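Read through the structure below, which is laid out as structure tokens, and then see the notes.
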Amino acid sequence: MPAGEPLAGAPARFEFATATRVVFGAGVARELPTLTAAHGRRVLLVTGARPERHAAVVAALRGAVDAVEELRVAGEPTVDLAESGAARARASSCDVVVAIGGGSAIDAGKAIAALAANPGAALDYLEVVGRGRPLAHPSLPFLAVPTTAGTGAEVTRNAVLAVPAARVKVSLRSASMLPGVALVDPALALDLPSAITAATGLDALTQLIEPFLSCRANPFVDALCRDGLARVARALPVAVRSPHDLMARSDLALGALYSGMALANAGLGAVHGFAAPIGGEFSAPHGAVCAALLPDVLATNLAALRARAPGHPALVRCDELARLLTGRSDASADEAVTFCRTLVRDLGVPGLGAWGVTAASLGEIADKAAAASSMKANPLPLTRDELIAILARALAPTA
């Protein structure tokens, strides 16, 4: 379906794909050794910057398999890291990849599992800046254990990689990259710092809003978004204030899981269209970038729909979005924008200027964003002037 074309009548044809098996609940991380051993005996373990947070899980894994080769991902994954990880996996005869950490660790693990099973370089398969060839062989078996509630990478079919030479982040993508097991344990996030909780939670919120308003929306994804939006909206402020509230952590983890399923099956929108070039050019955390952009993208989409497509079904969805976010049955579309703007402000999210984005760079970012794959699912195409205006308003903290 072309970008911006409204859904009409009966539901259009759609597909839904996700991880082969999803295991959710506090304490389920204890099942990782048994689940891993069922897939392979020689493990490449990809962790985040602080693997000591989950030392007991890692120790149990080591005791259940023949060998563990560990790779730590300190920041967002690059093409070079994915290729070197794949080389290590092959050199160590690894037959399964496990990732424990945030979205960066999981995306790195996903990319490594795919590249280890396929010949050639990452650029042979990357979209936008690479050759975009399909992966010829299925990935190595891959298990994902998220420790933050944000990206939903444990149930998506792509891995986002930075390409420093092109100053952009793009995806390695294949249905065969869907994890064999997604092990989602909300208790793993109980000691997560408030700033990371806020940024990752706002990323999850964005990844529920954008598929819900997407021109590729479908009934299956709608159901996930409706439940997820209400959960994240009420739980995120609680988890930031009270990091050890397991109920709030569980709602966030479930919302993030839904968001990964939603984006994998209905696409995203302009927020993530911007996030790819910004993340590739500036040392900016993905969740913080999405949070800074969300209110103004939502406001611009709403104004553009009213001006250019007053019959678009996304306008009705904007009203419903406001009701889901606020919990009020009489809320209307503009209140969805107000809710997001207030939440971003209250959680202390900085503007894009905090990460080095300047007014001089806005045109280039807008042009790269317009070509990003995520932009194709935006409810309707935005003009270059609209894109630049969004960026300009997002430079400074939201008032």
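Along the charge dipole of the chain, which of 394, 252, 199 sits closest to the positive end, that is, farthest toward it, with unit charges on the beta carbon of Lys, Arg, Asp and Glu (+1, +1, -1, -1)?
252
Let me check I've understood the local charge: for residue 77, count other residues with C-beta under 11 angstrom from its C-beta, Lys and Arg +1, Asp and Glu -1. What total comes out?
-2
Lys/Arg Cβ at +1, Asp/Glu Cβ at -1, dipole of segment 145-241 taken about the Cα centre: which of 156, 228, 183 is farthest positive-ward?
Value computed over the given set: 156.
Relative to the longest principal axis of the chain, what angle (0 to 90°, nearest 10) does the C-alpha long axis of helix 219-241 take?
For 219-241 against the chain, the angle is about 80 degrees.
Name the residues whose placed amide hydrogens come within less than 5 Å of the amide hydrogen of residue 71, ignoring near sequence neighbours (fewer than 5 apart) on the same chain.
45, 46, 47
Could you state the angle between the C-alpha long axis of helix 55-64 and the longest principal axis of the C-alpha atoms of the chain, as a value from 0 to 90 degrees rounded to the nearest 10?
Long axis of 55-64 versus the principal axis of the chain: about 50 degrees.
If one computes the Cα centroid of segment 101-136 and of segment 150-201, what distance in Å separates the two points?
Here the two parts' Cα centres lie 14 Å apart.
Ordered by residue, what ³J(HN,Hα) values in Hz, to whole numbers, does segment 360-366 give under the Karplus form 6.51 cos²θ - 1.76 cosθ + 1.60, where θ = phi - 60° and Gly and Pro are x?
5, 9, 5, x, 5, 4, 4
I'd like the per residue volume of the convex hull spanned by the Cα atoms of segment 28-184, given in cubic angstrom.
Numbers: hull volume 14.4 nm³, N = 157.
Spread over its residues, the Cα hull of segment 28-184 gives 92 Å³ apiece.
What number in nm² do you get for segment 194-394 if you take the convex hull of its Cα atoms and divide its surface by four? Provide the component values of the computation, followed by the final result.
Working: hull surface 40.2 nm².
Reported value for the Cα convex hull: 10.1 nm².
Divide by every residue of the chain the summed helix terms, -39500 (n - 2.57) for each DSSP H run of at least 4, and state the resulting mean residue ellipticity at 222 nm, rounded to the nearest 500 deg cm²/dmol.
Helix-only estimate at 222 nm: -15500 deg cm²/dmol.
Only one of the values (1) -0.38, -1.04; (2) -0.52, -1.20; (3) -0.43, -1.22 was calculated from this structure for log10 I(q)/I(0) by the Debye sum over Cα atoms at q = 0.08, 0.13 Å⁻¹; name its label.
(1)
Could you work out the per residue convex hull volume over the alpha carbons of segment 12-62, in cubic angstrom?
Hull volume over Cα atoms, normalised by residue count, gives 140 Å³.
Could you run the Karplus curve 6.51 cos²θ - 1.76 cosθ + 1.60 with θ = phi - 60° over segment 163-175 and give me ³J(HN,Hα) per residue in whole Hz, x for Gly and Pro?
Listing the rounded values in order: 10, x, 5, 9, 6, 7, 10, 9, 10, 9, 9, 6, 4 Hz.
For segment 32-49, just list the computed ³J(HN,Hα) in residue order, Karplus coefficients 6.51, -1.76 and 1.60, θ = phi - 60°, integers in Hz, with x standing in for Gly and Pro.
4, x, 5, 5, 5, 4, 6, 9, x, 10, 10, 10, 9, 9, 9, 10, x, 5
Can you tally the net charge around residue 26? Count Lys and Arg as +1, Asp and Glu as -1, for every other residue whose Cβ sits under 15 Å from the Cβ of residue 26.
In short, -3.
Given the Cα-Cα distance of residue 42 and residue 74 and 0.36 nm per residue of separation, how much length would full extension add, in nm?
Contour length minus the Cα-Cα distance gives 9.2 nm.
Suppose we keep just the DSSP beta bridges with both residues in the chain; what percent of those would be antiparallel, to 5?
DSSP beta bridges in the chain are roughly 20 percent antiparallel.
Using a simple charge model, +1 on the beta-carbon of Lys and Arg, -1 on the beta-carbon of Asp and Glu, nothing else, what dipole does segment 72-185 show about its Cα centre, in debye to the nearest 20?
220
Rounding to the nearest 10 and keeping the result within 0 to 90°, find how far the Cα-based axis of helix 333-346 lies from the longest principal axis of the chain.
50
A short reminder: the numbers here are calculations on the coordinates, not readings from a lab. Remember, predicted model here, so these are calculated numbers, not experimental data. As a convention, Cβ positions derive from the backbone with ideal geometry for all residues, glycine included, and neighbour counts pool all protein chains shown.
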